[in-house]
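Worksheet: one structure, shown below.
The values are calculated or read from the model by the stated rules, or taken from the named source; none is laboratory data. Everything quoted here is computed from the prediction, not taken from an experiment. Cβ atoms come from the backbone with ideal geometry, glycine included; neighbour counts cover every protein chain shown. Calculation scope for accessible area: heavy atoms of the full protein, side chains included, ligands and nucleic acids excluded. Shrake-Rupley method; radii C 1.70, N 1.55, O 1.52, S 1.80 Å.
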Amino acid sequence: MLANLGDWLNDRFGWRGIWEAIFLRKVPHVNWFYTLGSASLFVAINQAITGILLTLYYVPTPDHAYDSVVYITTQLPFGWLIRGLHHWGASAMVVLVVLHLLRVFFYGAYKFPREATWMTGVILLIVVIGFGFTGYLLPWDQRAYWATTVGTRIAGVAPYVGDFLLKIARGGPELSAVTLARFFGTHIWVLPTTLALLVVIHLYLVIRVGISAVPAKDE
Amino acid sequence: MSESDKEGKEVGRRNFMKMTIVGIGGLITAAFGIPAVAYVMGPALKQSVGEWIQLGSVTKVETGIPTLFKTVIQTQTGWITTDEEFSVYVLTEDGQNYVAMSNVCTHLGCRVRWVADQNGFFCPCHNGAFAKDGTVTGGPPPRPLDRFESKVENDILFVKRG
Ligand code: HEM
Ligand code: FES
């Protein structure tokens, strides 16, 4: 019955071919360091699920942001868990992506024909850091406020365009409701769509080119 | 080892891997799914505790005519405390027993009002009509106006909000 349904769907969608290309492709004999990319992807999915759940209660205005976060962690069932997963996942994400980058770097896996995979990877790293930076402000507590004050001030010291960049980041000369709203919008719309798009390209390239083998000792 | 033996072993390992992946996948799904459902439903399942609300002096209630009491109560929704207007119609026929009725229409929740000329409650949304004791006299409302438990202490009227 289920097999028949699978066949019926496969005849119209051809999904088995896609399945085989993704999961039954030939890979060289590799080691655990090759799981770092998949680990990054796993944490990214964790961030997406817990992040969506947080938006059900979080409100990005100076009046309510902090109170809504306190409500999530103290009043809601498993709110502490959902927020905790998102909070620690954010740090884990940066660590894993950097370790993945180091694996690729030290194995020379960025070389032809994988330069494009590397380049999409570099943008992914920037996106991940962007997530961390914009997300840090959202609780709107003292730490968030001052961290973002400092963080945006760093953009401000760039020669010539610094002041302009600082105002763009803050949506004005000072941190305000405008800053919080644009950080939130960036955090939940701009960066996730960019990340999803880049991950699709990144993984398409990984599958198309195939994974590099562990370099031999004398290579 | 014969060729078929080796194949049998391969299939065994394959199945084992499949079951392990499905098993672990199921555990992870449950680990996310169960807290997520509880988290989403949490505020909806919260039980409100009945509290006595002070309406005012019973002397205000005219015999045989529903009298409107309005009071402002504070409610806590999520992380916000709001002032909410709370209205109750109180009716007495003998000056001793009081009936406290909600002004919320039992059809779809609009507010009913007492129309003295017609000696009844009227709901503007879909022309619901109720007698002075709250029974339905016309329109779509399915049941009489809801009643509150009430008490009088030192000539002050209280109702219990559920
Ligand atoms: C959101 C972040 C990222 C995700 C989800 C991700 C995911 C993956 C996955 C699943 C693989 C398969 C092989 C493996 O896991 O090692 C891979 C390969 C690769 N990644 Fe990433 N990656 C990310 C970020 C990066 C970064 C920051 C770089 C470097 C700048 C990078 C460069 C590469 C390259 C060159 C390969 C091919 C390696 C090979 O063929 O051996 N990736 N990525
Ligand atoms: S809500 Fe009162 S009649 Fe429909």
Within the range A:177-207, work out how many residues are touching a residue at least 24 places away in the same chain (Cβ under 8 Å), farther than 26 Å from residue A:151 by Cα and more than 10 Å from ligand 1 (Cβ to nearest atom).
1
Has the range A:22-29 got at least one residue that is open to solvent by less than 60 Å² (accessible area, probe 1.4 Å), in contact (Cβ under 8 Å) with a residue 60 or more places away in the chain and outside any helix (DSSP H, G or I)?
yes
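Residues are listed down the side, and each one gets a yes or a no for (1) hydrophobic (A, V, I, L, M, F, W, C); (2) closer than 15 Å to residue A:56 by Cβ:
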residue	(1), (2)
B:34	yes, no
B:41	yes, yes
B:44	yes, yes
B:51	no, no
B:54	no, no
B:57	no, no
B:63	no, no
B:66	no, no
B:78	no, yes
If residue A:73 meets every condition in (1) under 15 Å from residue A:140 (Cβ atoms); (2) more than 10 Å from chain B (Cβ to nearest Cβ); (3) open to solvent by 70 Å² or more (accessible area, probe 1.4 Å) apart from one, which number is that one?
(3)
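Regarding residue A:96, is this residue in contact with a helix residue (DSSP H, G or I) (Cβ under 7 Å, 6 or more places away or on another chain), assigned to a helix (DSSP H, G or I) and of a type in the set (A, V, I, L, M, F, W, C)?
yes
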For the subset of the range B:93-108 comprising residues that are under 18 Å from residue B:54 (Cα atoms) and exposed (fewer than 13 other Cβ atoms within 10 Å of the Cβ), which member is nearest to ligand 2 (Cβ to nearest atom)?
B:97
Would you confirm, using the coordinates I've provided, whether residue B:90 is of a type in the set (A, V, I, L, M), more than 15 Å from ligand 2 (Cβ to nearest atom), in contact with a Ser or Thr (Cβ under 9 Å, 6 or more places away or on another chain) and open to solvent by 20 Å² or more (accessible area, probe 1.4 Å)?
no
Go through the range B:106-126 and report how many residues are in a loop (DSSP other than H, G, I, E, B) and either out of contact with any Lys or Arg (no Cβ under 7 Å at 6 or more places or on another chain) or modelled with pLDDT under 95 (or both).
9
Examine the range B:68-82 for a residue that is part of a helix (DSSP H, G or I), farther than 30 Å from residue B:135 by Cβ and within 14 Å of chain A (Cβ to nearest Cβ), and state whether such a residue exists.
no
Given the options B:147, B:111, B:143, name the one that is basic (Lys, Arg) and within 10 Å of ligand 2 (Cβ to nearest atom).
B:111
Candidate set from the range B:31-67 (those that are away from chain A (no Cβ under 14 Å) and within 30 Å of residue A:76 (Cβ to Cβ)); member that is nearest to the chain's Cα centre (by Cα):
B:48
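Okay, residues lined up against (1) more than 12 Å from every other protein chain (Cβ to nearest Cβ); (2) open to solvent by 90 Å² or more (accessible area, probe 1.4 Å); (3) out of contact with any strand residue (DSSP E or B) (no Cβ under 6 Å at 6 or more places or on another chain); (4) not hydrophobic (A, V, I, L, M, F, W, C):
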| residue | (1), (2), (3), (4) |
| --- | --- |
| A:1 | yes, yes, yes, no |
| A:4 | yes, yes, yes, yes |
| A:37 | yes, no, yes, yes |
| A:42 | no, yes, yes, no |
| A:54 | no, no, yes, no |
| A:62 | yes, no, yes, yes |
Sort through B:59, B:67 and tell me the only one that's surrounded by 12 or more Cβ atoms within 10 Å (Cβ to Cβ), of a type in the set (Ser, Thr, Tyr) and closer than 30 Å to residue B:120 by Cβ.
B:67
Restricting to the range B:114-128, give me the number of residues that are open to solvent by less than 30 Å² (accessible area, probe 1.4 Å) and either near ligand 2 (Cβ under 6 Å from one of its atoms) or within 20 Å of the chain's Cα centre (by Cα) (or both).
2
Under 7 Å between Cβ atoms, at least 6 apart or on separate chains: pull out the pairs that start in the range A:1-20 with a residue that is farther than 24 Å from residue A:204 by Cα and end on any residue that is basic (Lys, Arg).
none
Tell me the residue from A:88, A:80, A:118 that is within 14 Å of another protein chain (Cβ to nearest Cβ) and open to solvent by 30 Å² or more (accessible area, probe 1.4 Å), please.
A:80
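The rows are residues; the columns are (1) among the aromatic types (Phe, Trp, Tyr); (2) more than 26 Å from residue A:71 (Cα to Cα); (3) surrounded by 16 or more Cβ atoms within 10 Å (Cβ to Cβ).
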site: A:139; (1), (2), (3): no, no, yes
site: A:147; (1), (2), (3): no, no, no
site: A:153; (1), (2), (3): no, yes, no
site: A:163; (1), (2), (3): no, yes, no
